[in-house]
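The values are calculated or read from the model by the stated rules, or taken from the named source; none is laboratory data. Predicted model, so just to flag it, every value in this text is computed and none were measured. Every residue, glycine among them, receives a Cβ derived from its backbone with ideal geometry; neighbour counts consider all protein chains shown. All accessible areas refer to the heavy atoms of the entire protein, side chains included, with ligands and DNA or RNA removed. Shrake-Rupley method; radii C 1.70, N 1.55, O 1.52, S 1.80 Å.
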Amino acid sequence: MVVEQIMKRNVYTIDITTTIQQAIDLMDNNRIRHLPVTNEKNELIGIVSDRDIRDARPSIFDTDKHEEYFLNPVSKIMISDVITAHPLDFVEDVSSIFYEHHIGCLPIEEDNKLVGIITETDLLHTLVQLMGAHQPSSQIEVQVENVAGMLAEIATIIKKRNINITSVLVYPTNGLEHKVLVFRLQTMDPRGVISDIEKDGYKIVWPHLPGMTP
Amino acid sequence: MKNAAFIFSQEQQTYKFSNDHPFNQKRLDLTFDLLNKCNGIREEDILTPRMATDEELYLIHDKDYVDAIKRAGKGELKSSIANTFGIGTDDTPIFENMHEAAALLVGGTLTAVDLVMKEKYLHACNLSGGLHHGFKGRASGFCIYNDSSIAIEYIRKKYQARVLYVDTDAHHGDGVQWAFYDQDDVCTLSIHETGRFLFPGTGNINERGSGKGYGFSVNLPMDAFTEDDSWLDAYKTSLREVAEFFKPDVIITQNGADSHYYDPLTHLCSTIDIYREIPMLAHEIAHEFCNGKWIAVGGGGYDIWRVVPRAWAMLWMEMSDNRVATGPLPKEWVEKWQKHAPVDLPKTWEDIPPIYPEIPRKKEIAEKNALTVEKALSHIRNEMYKRKNHSQTST
């Protein structure tokens, strides 16, 4: 999956003359936490986050004082060394940028122009979709040997039952000998497919809780 | 006004996917026979369901979908198209006249609604209903038309009443929840096994509704292996607090009977006791908040021999103020059905413990469930606290 499939194209932007107060209002009204700062050519020149604004605010013990702070232009507080990504970057790579740089959003640039934005929330939503938890389905977990072809074996068993797979994940285990395959299946009654999988000699990890062997 | 109506006809069993499908309406017959044999029901309590009209189905469902179900029931729907409507799958296979069968279950619930809302009866019960997974344009989890969603919309439109929907099926009541997710005159409360593994996967605490409906969807996902005490604690606490918060005009309860240890599809560890207690509190709440207005529907329940007949008979007997469900079951009932049953039928209304081995992490599971209740009700508790303070300052 690439960034342009999940990025928001309708970006709220400000310019360097915008005041801090205007930036606060824009964030509050649209429930967003980041505002890219652009010039007249729609080129990105900085970014302001809710945290930058918090730093610029007087302490909550000083309310009513220093109201003039809010009239300063955002150019005084914006970060101009912005980390950005390209619409064709892979979502997987972009995820690790968030993780490495401890950032909450990533403006997307194409040909030096701002074309979109993605946030932590967008990434999390994508993850939820990848895990298939947004469609009616049952989850089963199968422990398999860590050798080639296991996923195909299990998928074939599921296919014979004519059950649609909503998502598949491959989890590592503590040792190197095994992997756990996690399927979300579009069925309310997975008993048949579970018994088929067990009949072929695989171990179903669910239902199981630590300390319990139901 | 009469006390309680039992909506029943043999035609309700035409909702039948196949002989070995887990959703088996033979349980209606088993329940009805049990009630007859223990003198739990009188001829005059029994009312025949009507069919739902197309317009009533359109209250919730798309016309395209209803048309597709009609065509499928006549064998005129291509399988590639059927799949886009969620039918023709292992869960919801196509069967002859499936439209008529499904519309009759909806009609049964609407019959119950009219009896109660026109104040002919205080309570009414349609055990063939409770098909809570049905969506606007898609069948899901054994459900074609969503009788409860249709009934709620019907009540809103025709009677302008506030509905509290209480779903104690082991599976999350997703169809009903999403149908009213952004409404503030319908409140849905669902207590179910966590969707981490179990179908349909939704019903998390943080699904609280959206827009003006925020706060009007309440979900209590219980851990697998949850037992009676912990489950009942969650049910009693949440139902009472939600009723006080929402102040309903009428209650619809969905009485899926699949949280029992014996149920083959789920992993909760309740006994038959919770099915005595569930309708008891619902009954009490209906009188306390809704002048008695209470409509009960069925739902899931896949141990049709040992669990569902006793559970649903107790529901009806609670509703009709005839609490004689204790001690031995009628001998004639056990004898009649034992020869058809693949398992040993119970001999008493109660389960004789222990029916399952000791659960090693009982304490932790109960602890986790108690936290779930707290989190799930936190927004309601905040709101009630505000209301209380407000009324104190204004008086």
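Out of A:Thr173, A:Thr156, A:Thr121, A:Thr126, which single residue is surrounded by fewer than 18 Cβ atoms within 10 Å (Cβ to Cβ), touching a residue at least 40 places away in the same chain (Cβ under 8 Å) and either more than 12 Å from chain B (Cβ to nearest Cβ) or over 30 Å from B:Gly173 (Cβ atoms) (or both)?
After ruling out the rest, the residue left standing is A:Thr126.
Within the range B:22-45, track down each residue that is surrounded by fewer than 16 Cβ atoms within 10 Å (Cβ to Cβ) and either out of contact with any helix residue (DSSP H, G or I) (no Cβ under 9 Å at 6 or more places or on another chain) or part of a loop (DSSP other than H, G, I, E, B) (or both).
Matches in the range B:22-45: B:Asn39, B:Arg42, B:Glu43, B:Glu44.
For B:Asp229, state whether it is more than 13 Å from chain A (Cβ to nearest Cβ) and outside any strand (DSSP E or B).
So B:Asp229 fits the description; yes.
Check off (1) surrounded by fewer than 22 Cβ atoms within 10 Å (Cβ to Cβ); (2) part of a loop (DSSP other than H, G, I, E, B) for B:Ala52 and give me the number that stays unchecked.
The number of the failed condition is (1).
Could you please let me know if B:Glu119 is out of contact with any helix residue (DSSP H, G or I) (no Cβ under 7 Å at 6 or more places or on another chain) and either farther than 25 Å from B:Thr48 by Cβ or open to solvent by 30 Å² or more (accessible area, probe 1.4 Å) (or both)?
Here the answer is yes, as B:Glu119 does meet what is asked.
Residues being within 12 Å of chain A (Cβ to nearest Cβ), surrounded by 18 or more Cβ atoms within 10 Å (Cβ to Cβ), free of Cβ contacts under 8 Å to residues at least 40 places away in the same chain and more than 15 Å from B:Glu374 (Cα to Cα): count how many of those fall in the range B:195-217.
4
Would you mind stating whether A:Phe98 is more than 14 Å from chain B (Cβ to nearest Cβ) and aromatic (Phe, Trp, Tyr)?
On the way: more than 14 Å from chain B (Cβ to nearest Cβ): yes; aromatic (Phe, Trp, Tyr): yes.
For A:Phe98, the condition - more than 14 Å from chain B (Cβ to nearest Cβ) and aromatic (Phe, Trp, Tyr) - is met.
Identify the residue in the range B:126-152 that is away from every other protein chain (no Cβ under 11 Å) and charged (D, E, K, R) and, among all such residues, is farthest from the chain's Cα centre (by Cα).
The selected residue is B:Lys136.
Restricting to the range B:78-102, name every residue that is surrounded by fewer than 20 Cβ atoms within 10 Å (Cβ to Cβ) and away from every other protein chain (no Cβ under 14 Å).
Passing the criteria: B:Lys78, B:Ile81, B:Phe95, B:Glu96, B:Asn97, B:Glu100.
Quick one: in the range B:284-303, of everything that is open to solvent by 10 Å² or more (accessible area, probe 1.4 Å) and away from chain A (no Cβ under 14 Å), which residue is nearest to B:Ala170 (Cα to Cα)?
B:Glu284
Looking only at the range B:135-149, which residues are over 16 Å from B:Glu100 (Cα atoms) and surrounded by 24 or more Cβ atoms within 10 Å (Cβ to Cβ)?
Result: B:Ser140, B:Gly141, B:Ser148, B:Ser149.
Given the conditions (1) under 20 Å from the mean Cα position of the chain (by Cα); (2) of a type in the set (Asp, Glu); (3) within 30 Å of A:Tyr202 (Cα to Cα), report the number of the one that A:Glu141 does not fulfil.
(1)
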